[in-house]
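For reference, the structure discussed in these notes is given below.
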Amino acid sequence: MADESLFDFLHMEIVSHIYKEQQSGKEEMDNKDRAVCVSVLESMGFRVGQGLIERLTRDSPSFKDELDVMKFVCKDFWTKVFRRQVDNLRTNHQGTYVLQDNTFSLLTQLSNGKQYLDQAPKYLAFSCGIVRGALSNLGLDSVVTAEVSVMPSCKFQVVVQKL
Amino acid sequence: MTVHNLYIFDRNGSCLYYNEWNRKKQAGISKDEEFKLMYGMLFSIRSFVSKMSPLDMYPSQARPVSACLPVCLSACLCLSACLCLPPCQSVVLSSLSVLRKEGFMSFQTSKYRLHYYETPSGLRFVMNTDLSVPNARETLQHIYSSLYVEYIVKNPVCVLGQSLDSELFSSRLDSFIRGLPFYSPRAA
């Protein structure tokens, strides 16, 4: 993969641009505005994830079951996109998975503890979208959310929708 | 063998970051004034150096040495008296190191040495150490490339040009300085 800073800088600017656009003219951002920004970022990530997964699974055989798909996401997909593997995968075997990454690459430069904790969700929305897009193109409709308590470790929660 | 303090200025003269490790005596002026004084002195010294050896920095025609020498010397003496790291009997500007094409790099007095590093983007790193440290240029370069670029430029929350509040940057810088071979908790 190319130099990681290229994507890091672009991502920083995408997030700040979307927030500035939403705020233009208004004094303060309320929760509705923030939700709009987050969903815009997430849908961008969705399309990126869809494309990425097509490219990365070009040569691999089809997956046996849902758990196999999640393991692929945790290992190969995470390595290609975020340059490391997910540290912990937990599931309740009924469609909910929690992926824990202890040094999430988009958060490492922000802080090492609690500083800037309120800004963290902005930088996770795009990645949630990437995961959701990847899963959707592998046949799994899902809802992906992320939470951070101590940087740079974060947890992605994937709830697979059963039709 | 110790590091006294470190300043980081941007190209407009505002001080982005300041930290001290072993400062013996506080100046009688506020921090803002001290930063302005420091920046002004460095500005004068740089223009003095460029006029003294114009072929080093600007390969155009030579310029006459103007009256900026007394100005910068007096600013420097005043600053040294203010900052006055250990109690100073004689503050003498003993040498200006000018290497080929580098311009101003450091100066020393009888009690301390000030090291200066300017990045191509206009950021200025200034570190005061005691006399036993001959050349801290690589240290300053390392602070710029591995600490500033990593933790400030790549930090989406830090706006370039505003003072650096990232705790991650401060803690990494602090542990880096304390880990330097020429740092010891007590000044010699």
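The values are calculated or read from the model by the stated rules, or taken from the named source; none is laboratory data. Being a predicted model, the structure only gives us computed values, none of them experimental. We place every Cβ from the backbone using ideal geometry, glycine too, and count neighbours over all the protein chains shown. Quick note on the areas: whole protein, heavy atoms, side chains included, nothing else; ligands and nucleic acids left out. Shrake-Rupley method; radii C 1.70, N 1.55, O 1.52, S 1.80 Å.
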- Task: Just name the residue that is farthest from A:Ser111 (Cα to Cα) out of those in region B:138-167 that are surrounded by fewer than 13 Cβ atoms within 10 Å (Cβ to Cβ) and at pLDDT below 85.
- Result: B:Gly161
- Query: Does at least one position in region B:25-44 carry a residue that is in contact with a helix residue (DSSP H, G or I) (Cβ under 9 Å, 6 or more places away or on another chain), at pLDDT 85 or above, over 25 Å from B:Tyr151 (Cα atoms) and not in a helix (DSSP H, G or I)?
  - Reply: yes
- What is the residue count in region B:140-188 for residues that are of a type in the set (Phe, Trp, Tyr) and part of a loop (DSSP other than H, G, I, E, B)? 2
- Residue ID - modelled with the lowest pLDDT, chosen from residues in region A:1-12 that are more than 8 Å from chain B (Cβ to nearest Cβ) and more than 17 Å from the chain's Cα centre (by Cα): A:Met1
- Working carefully through the options A:Gly95, A:Gly113, find the one that is touching a residue at least 24 places away in the same chain (Cβ under 8 Å), touching a strand residue (DSSP E or B) at 6+ places or on another chain (Cβ under 8 Å), of a type in the set (Gly, Ala, Ser) and farther than 26 Å from A:Asp33 by Cβ. A:Gly95
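So that you can scan it fast, the table gives a plain yes or no per residue for (1) free of Cβ contacts under 8 Å to residues at least 60 places away in the same chain; (2) in contact with a Cys (Cβ under 7 Å, 6 or more places away or on another chain):
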residue: A:Glu4; (1), (2): no, no
residue: A:Phe9; (1), (2): yes, no
residue: A:Met29; (1), (2): yes, no
residue: A:Val40; (1), (2): yes, no
residue: A:Gly45; (1), (2): no, yes
residue: A:Phe63; (1), (2): no, no
- Pick from region B:168-188, criterion charged (D, E, K, R) and more than 18 Å from A:Leu110 (Cα to Cα), ranking: least open to solvent (accessible area, probe 1.4 Å): B:Arg178
- Message: For region B:147-181: of the residues being more than 24 Å from B:Thr2 (Cβ to Cβ) and of a type in the set (A, V, I, L, M, F, W, C), which is farthest from the chain's Cα centre (by Cα)?
- Response: B:Val157
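Looking at A:Val36, A:Val81, A:Val98, which is the one that is crowded, with 17+ Cβ neighbours inside 10 Å and either over 16 Å from the mean Cα position of the chain (by Cα) or among the β-branched types (Val, Ile, Thr) (or both)? Even if it seems obvious, please write down each step before you answer.
On the way: A:Val36 fails: crowded, with 17+ Cβ neighbours inside 10 Å; A:Val98 fails: crowded, with 17+ Cβ neighbours inside 10 Å.
It is A:Val81.
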- Query: Are there any pairs, at least 6 apart or on different chains, whose C-beta atoms fall under 8 Å, with the first in region B:19-46 and at negative phi and without any contact (Cβ under 8 Å) to a residue 24 or more places away in the chain and the second part of a loop (DSSP other than H, G, I, E, B) and surrounded by fewer than 16 Cβ atoms within 10 Å (Cβ to Cβ), and if so, which?
  - Reply: B:Lys36/B:Gly13
- Item | Per-region count, region B:129-177, residues more than 10 Å from every other protein chain (Cβ to nearest Cβ) and of a type in the set (Val, Ile, Thr) | 5
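Of these, A:Phe46, A:Phe104, which one is open to solvent by 30 Å² or more (accessible area, probe 1.4 Å) and either of a type in the set (Phe, Trp, Tyr) or touching a Pro at 6+ places or on another chain (Cβ under 7 Å) (or both)?
On inspection, the qualifying residue turns out to be A:Phe46.
Residue by residue, here is whether (1) away from chain B (no Cβ under 14 Å); (2) closer than 19 Å to A:Cys128 by Cα holds:
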{"residue": "A:Lys20", "(1), (2)": "no, no"}
{"residue": "A:Val36", "(1), (2)": "yes, yes"}
{"residue": "A:Asp65", "(1), (2)": "yes, no"}
{"residue": "A:Asn88", "(1), (2)": "yes, yes"}
{"residue": "A:Leu99", "(1), (2)": "yes, yes"}
- Here the residues within region A:1-43 that are in a loop (DSSP other than H, G, I, E, B) and closer than 16 Å to A:Gln109 by Cβ are A:Asp3
- Which numbered condition A:Ser127 fails, given (1) more than 9 Å from chain B (Cβ to nearest Cβ); (2) surrounded by fewer than 20 Cβ atoms within 10 Å (Cβ to Cβ): (2)
- Filter region A:133-158 down to residues that are open to solvent by 50 Å² or more (accessible area, probe 1.4 Å) and more than 18 Å from A:Asp68 (Cβ to Cβ), then give me how many there are. 7
